[in-house]
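Here is the structure we will look at.
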Amino acid sequence: MIEMVNIHKKFKEAHVLKGVDLKVAKGEVLVIVGPSGSGKSTLLRCINGLEKTTEGHIFFEGDDITDKKVNINKIRQKIGMVFQQFNLFPHLTVLDNITFAPRKVLNVSKKEAEELARELLKKVGLEGKENQYPIQLSGGQQQRVAIARALAMKPDAMLFDEPTSALDPELVKEVLDVMKQLAYEGMTMVVVTHEMGFAKEVGDRLIFIDDGQILEDGNPSDVFSNPKNERTKNFFGKIL
Ligand code: ADP
Ligand code: MG
């Protein structure tokens, strides 16, 4: 579903991604771990075209998104993204946050968009919160709204950038549970997280990235128990 071939990304003199090759199969849950500043967010942002790559190709369902002729907006609709800081629209209710993009971008009718939004709210355990504003919700609830909002576009893949890092510890599980459910339903997911329990239980594969390069790629439990690289061992030693 996703294929990155020799991806390089430079911001002026900073060489942030240094030849990343990566494939994600349909239905696969790929977990990305790595130190702060190693390029994890940049990698995700390249996948949905929020950042332009300096070199290399990225294919999404066969289309080369680095090709200037490709309609990146069309492709981006197929890729949901969830951020560390939720990024909900503060002036819109929960319901309007979820229906906004389907109505504006896909021209779905108000009625149909609201029906789907209510279904999604139920799915993420937030029935009855339709008319609340983001500020009235806990971080865990806001993040679940953000997931529902992304799902409302009926994406083929979901990217998560440290979705639980900004949450109080007691709110982490409710978000991970929603993600787990999504994974079991067959969603293709790329998840940057340091939640190692989630990685082992839900992840099909784990990559460790350091200084813009993939140093490990394998089954999560194998990578944890038997990292090939000294830098990976060092990193796991700090977080586990
Ligand atoms: P991670 O998500 O692994 O913490 P990032 O992908 O956010 O890492 O960042 C990797 C490196 O790229 C960092 O050194 C960061 O400062 C740099 N970087 C990220 N975005 C930009 C940008 N827009 N302009 C310049 N440098 C950036
Ligand atoms: Mg990041």
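The values are calculated or read from the model by the stated rules, or taken from the named source; none is laboratory data. The structure presented is a predicted model; accordingly, all values stated were derived computationally and were not measured. Counting neighbours? That spans all protein chains shown, and the Cβs are built from the backbone with ideal geometry, glycine included. Side chains are part of the model used for accessible areas, which takes the heavy atoms of the whole protein and leaves out ligands, DNA and RNA. Shrake-Rupley method; radii C 1.70, N 1.55, O 1.52, S 1.80 Å.
Brief remarks on what is shown
- Filter pass, Ile58 being within 16 Å of ligand 2 (Cβ to nearest atom), open to solvent by less than 10 Å² (accessible area, probe 1.4 Å) and modelled with pLDDT of 95 or more: no
- Boolean, Gly186 is under 16 Å from Ile2 (Cα atoms), touching a residue at least 12 places away in the same chain (Cβ under 8 Å) and surrounded by fewer than 19 Cβ atoms within 10 Å (Cβ to Cβ): yes
- Of all residues in the stretch 30-55, those satisfying the criterion of being open to solvent by less than 40 Å² (accessible area, probe 1.4 Å) and among the β-branched types (Val, Ile, Thr) are Val31, Ile32, Val33, Thr42, Ile47, Thr53.
- Residues satisfying the stated conditions in the stretch 4-48, i.e. small (Gly, Ala, Ser) and closer than 18 Å to Thr66 by Cα: Gly19, Ser41
- Count of the stretch 149-192 residues which are of a type in the set (Val, Ile, Thr), within 19 Å of Leu50 (Cβ to Cβ) and within 16 Å of ligand 1 (Cβ to nearest atom): 3
- Cβ-Cβ under 7 Å pairs, at least 6 apart or on other chains, the stretch 151-169 side at positive phi and part of a loop (DSSP other than H, G, I, E, B), far side within 16 Å of ligand 1 (Cβ to nearest atom) and at pLDDT 95 or above: Glu162/Gln84; Glu162/Val192; Glu162/Thr193
- Flag for Ala146 being assigned to a helix (DSSP H, G or I) and closer than 30 Å to Pro35 by Cα: yes
- Selection within the stretch 21-44 - touching a residue at least 24 places away in the same chain (Cβ under 8 Å) and within 9 Å of ligand 1 (Cβ to nearest atom): Ile32, Gly34, Pro35, Ser38, Gly39, Lys40, Ser41, Thr42, Leu43, Leu44
- Some residue of the stretch 84-99 being among the aliphatic types (A, V, I, L, M) and either assigned to a loop (DSSP other than H, G, I, E, B) or open to solvent by 40 Å² or more (accessible area, probe 1.4 Å) (or both): yes
- Residues located in the stretch 202-216, provided they are closer than 15 Å to Gly39 by Cβ and either touching a residue at least 40 places away in the same chain (Cβ under 8 Å) or among the β-branched types (Val, Ile, Thr) (or both): Ile207, Phe208, Ile209, Asp210, Asp211, Gly212, Gln213, Ile214
- Scan of the stretch 156-173 for residues that are surrounded by fewer than 19 Cβ atoms within 10 Å (Cβ to Cβ) and either within 16 Å of the chain's Cα centre (by Cα) or within 15 Å of Val202 (Cα to Cα) (or both), ordered by number: Asp156, Ser165, Ala166, Lys173
- Take the conditions (1) under 11 Å from Val190 (Cβ atoms); (2) out of contact with any Gly (no Cβ under 7 Å at 6 or more places or on another chain); (3) within 16 Å of ligand 2 (Cβ to nearest atom); Ile2 misses just one of them, which is (3).
- Residue ID - nearest to Met158 (Cα to Cα), chosen from residues in the stretch 28-55 that are away from ligand 2 (no atom under 12 Å from the Cβ) and hydroxyl-bearing (Ser, Thr, Tyr): Thr53
- Checked against (1) away from ligand 1 (no atom under 16 Å from the Cβ); (2) loosely packed, with under 14 Cβ neighbours inside 10 Å, Thr66 passes all but condition (2).
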